[in-house]
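Enquirer: Let me give you the structure first, and then I'll get to my questions.
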Amino acid sequence: MLRLYGSAKSRALRVLWMLQELGIAYDHKDYAPRSAQTKAPQYRELNGNGRVPTIDDDGFVLSESMAINLYLSRKHGSGFYPADPKNEALAIQWSLWETDRLDRQIVNYVRNSTELPEAERNPAVAKAAWDEIQDSFGVLDAALAKSPWLAGPAFSVGDLNVASALYRGLFLDLARWPHVQAWLRRCWDRPAAQKARAMRE
Ligand SMILES: N[C@@H](CCC(=O)N[C@@H](CS)C(=O)NCC(=O)O)C(=O)O
């Protein structure tokens, strides 16, 4: 059986959303980041980085949330893994783009502006992150002004990967990027997304 390692309060949230979309059975090891469980040698065997998420699909071990979702959606013929090679490439492009342009930036911004206790926040880190986020939201908004979805004519794994990674964006004022705001809402309104969100909150 497929096993997922990683708490809903981590980047494993993205995989939990995908698993709800696919409706497949899985065993969930709810490991928190930096926990004793992820530091244990047995887990390091699966993921030498000691990070979550990781999956073990009947012996096939894979890490990196974006790669996991691309794999699972393709393997399970979900209908939202693009059949057209160009749309497939766009789904990969946007997944990699998010990892480069928004993933750590949004965590750094929210943690250093609201989540951390005030004494631990670093305003310079928050500002640098916010500068990058604004540029990236501009790029995303321009793409979504041209097409309601990122990789083809319908919701795809490309949308799921980027929208799920923007969980913290749900709590930001995105009025300056109306296409991002509307798209993020469309994606997170999906019943599978709501189920994953409920596991985290
Ligand atoms: N690029 C990786 C990032 C994984 C990652 O950084 N996970 C965090 C939790 S959200 C973690 O396990 N951090 C523990 C650590 O940094 O030691 C992915 O998308 O899967």
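Read-outs: derived from the displayed coordinates by stated rules, not from any lab. Treat the numbers as computed from the prediction; the structure is a model and nothing was measured. Backbone-built Cβ (ideal geometry, glycine too); neighbour counts: all protein chains shown.
Enquirer: Looking at the range 39-93, which of its residues are polar (S, T, N, Q), without any contact (Cβ under 8 Å) to a residue 24 or more places away in the chain and either in contact with a helix residue (DSSP H, G or I) (Cβ under 6 Å, 6 or more places away or on another chain) or within 11 Å of the ligand (Cβ to nearest atom) (or both)?
Expert: Answer for the range 39-93, where residues must be polar (S, T, N, Q), without any contact (Cβ under 8 Å) to a residue 24 or more places away in the chain and either in contact with a helix residue (DSSP H, G or I) (Cβ under 6 Å, 6 or more places away or on another chain) or within 11 Å of the ligand (Cβ to nearest atom) (or both): N49, S63.
Enquirer: Scanning for something of a type outside the set (K, R), on the phi > 0 side of the Ramachandran plot and either over 18 Å from the mean Cα position of the chain (by Cα) or loosely packed, with under 14 Cβ neighbours inside 10 Å (or both), does the range 73-83 turn up at least one residue?
Expert: Looking for residues that are of a type outside the set (K, R), on the phi > 0 side of the Ramachandran plot and either over 18 Å from the mean Cα position of the chain (by Cα) or loosely packed, with under 14 Cβ neighbours inside 10 Å (or both), one finds at least one in the range 73-83, hence yes.
Enquirer: Here is a further query. What about K29, is it surrounded by fewer than 14 Cβ atoms within 10 Å (Cβ to Cβ) and within 16 Å of the ligand (Cβ to nearest atom)?
Expert: no
Enquirer: Okay, next question. Could you check the range 1-22 and list, in sequence order, the residues that are within 10 Å of the ligand (Cβ to nearest atom) and more than 15 Å from S35 (Cβ to Cβ)?
Expert: If the condition is that a residue be within 10 Å of the ligand (Cβ to nearest atom) and more than 15 Å from S35 (Cβ to Cβ), then L13, R14, V15 are the ones that fit.
Enquirer: Another question about this same structure. I'd like to check which helices (runs of 4 or more DSSP H) are fully inside the range 4-109 and have at least 2 residues that are of a type in the set (S, T, Y).
Expert: Result: 65-75.
Enquirer: On to the next question. Just need a number here: residues in the range 32-59 that are farther than 24 Å from V157 by Cα and either surrounded by fewer than 12 Cβ atoms within 10 Å (Cβ to Cβ) or basic (K, R) (or both).
Expert: Within the range 32-59, the first condition is being farther than 24 Å from V157 by Cα, and the residues that meet it are 32-46, 48-50.
In the following step, the residues that additionally are either surrounded by fewer than 12 Cβ atoms within 10 Å (Cβ to Cβ) or basic (K, R) (or both) were identified as 34, 36, 39, 41-42, 44-45, 48-49.
Residues flagged as farther than 24 Å from V157 by Cα and either surrounded by fewer than 12 Cβ atoms within 10 Å (Cβ to Cβ) or basic (K, R) (or both) within the range 32-59 amount to 9.
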